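*Asks:* Here's a structure for you.
The values are calculated or read from the model by the stated rules, or taken from the named source; none is laboratory data. Only a predicted model underlies this, so the values are computations on that prediction, with no experimental measurement involved. Glycine gets a Cβ as well: all are built from the backbone with ideal geometry, and neighbour counts include every protein chain shown.
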Amino acid sequence: MNEALIRIARAEDLPAVININMVSLREHYPEDFWRHHLDMWGEAFLVADLNSLVVGYVMCRVERGLGYINKSLFKKVGHVISIAVHPDYRGRGIGRALMIEALNRLKAFYKVSEVYLEVRVSNEPAISLYEKLGFKKVQRIRFYYLDGEDAWVMAREV
């Protein structure tokens, strides 16, 4: 069970967020990238706080385009840029809680009608979580990651 509090990220959370990214994922961003997303789309940049310790995060942004589900309309689309839970805290439902809150906040605060993300084709635990949350594989991008691995684009309406 998830005992972590899911809350809006603050500037002072960024060192912990960046550390979780570094130990969890192979894709890293400069600090300015994190700050920009916090400043622009802070209502959908969330952390999992467990006894005042940041143990996970999800960082999203809002884009305008055709999306992947209903391509007939130009609309606001949510993009999950990065999500990670520190390895010591996985398996507690924290990633699921972060995603659910991010989806809710993208819809409520930014009025998006669809959300998408990219995920490594080899990341079966993440793909399984996203499918349980209603995401569908909509496109495969060859050589998406710097190491040459493909990505699935997964999307769902909200």
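*Asks:* Only one of Tyr57, Tyr130 is of a type outside the set (A, V, I, L, M), in a helix (DSSP H, G or I) and buried (at least 22 other Cβ atoms within 10 Å of the Cβ); which? Step through it out loud before you land on a result.
*Replies:* Values: Tyr57 fails: in a helix (DSSP H, G or I).
Answer to the selection: Tyr130.
To keep it simple, each residue is scored yes or no on (1) outside any loop (DSSP other than H, G, I, E, B); (2) at pLDDT below 95; (3) of a type in the set (A, V, I, L, M, F, W, C).
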| position | (1), (2), (3) |
| --- | --- |
| Asn2 | no, yes, no |
| Ile6 | yes, no, yes |
| Leu14 | yes, no, yes |
| Asn19 | yes, no, no |
| Met22 | yes, no, yes |
| Arg26 | no, yes, no |
| Trp34 | yes, no, yes |
| Asp39 | yes, no, no |
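*Asks:* Something else about it: For Ile141, indicate whether it is within 14 Å of the chain's Cα centre (by Cα) and aliphatic (A, V, I, L, M).
*Replies:* In short, no.
*Asks:* Given the conditions (1) of a type in the set (Ser, Thr, Tyr); (2) more than 29 Å from Arg10 (Cβ to Cβ); (3) within 16 Å of the chain's Cα centre (by Cα), report the number of the one that Ser82 does not fulfil.
*Replies:* Unmet condition: (2).
*Asks:* So for region 105-117 (the condition being among the hydroxyl-bearing types (Ser, Thr, Tyr), touching a strand residue (DSSP E or B) at 6+ places or on another chain (Cβ under 7 Å), at pLDDT 95 or above and assigned to a helix (DSSP H, G or I)), does at least one residue qualify?
*Replies:* Among the residues of region 105-117, at least one is among the hydroxyl-bearing types (Ser, Thr, Tyr), touching a strand residue (DSSP E or B) at 6+ places or on another chain (Cβ under 7 Å), at pLDDT 95 or above and assigned to a helix (DSSP H, G or I), which makes the answer yes.
Residue-by-condition table, conditions (1) touching a residue at least 60 places away in the same chain (Cβ under 8 Å); (2) at positive phi:
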residue	(1), (2)
Arg26	yes, no
Trp41	yes, no
Arg64	no, no
Ile83	no, no
Pro87	yes, no
Gly91	no, yes
Ala97	yes, no
Lys107	no, no
Lys111	no, yes
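*Asks:* Sticking with this structure for a sec: Give region 98-136 a look and list any residue that's among the acidic types (Asp, Glu) and in contact with a Leu (Cβ under 8 Å, 6 or more places away or on another chain), or say none.
*Replies:* Across region 98-136, the qualifying residue is only Glu101.
*Asks:* State whether one or more residues within region 97-112 are surrounded by 17 or more Cβ atoms within 10 Å (Cβ to Cβ), touching a Gly at 6+ places or on another chain (Cβ under 7 Å), farther than 22 Å from Asn21 by Cα and charged (D, E, K, R).
*Replies:* Looking for residues that are surrounded by 17 or more Cβ atoms within 10 Å (Cβ to Cβ), touching a Gly at 6+ places or on another chain (Cβ under 7 Å), farther than 22 Å from Asn21 by Cα and charged (D, E, K, R), one finds none in region 97-112, hence no.
*Asks:* Taking the condition touching a strand residue (DSSP E or B) at 6+ places or on another chain (Cβ under 7 Å), within 25 Å of Glu149 (Cβ to Cβ) and touching a residue at least 40 places away in the same chain (Cβ under 8 Å), does Val17 pass?
*Replies:* For Val17, the condition - touching a strand residue (DSSP E or B) at 6+ places or on another chain (Cβ under 7 Å), within 25 Å of Glu149 (Cβ to Cβ) and touching a residue at least 40 places away in the same chain (Cβ under 8 Å) - is met.
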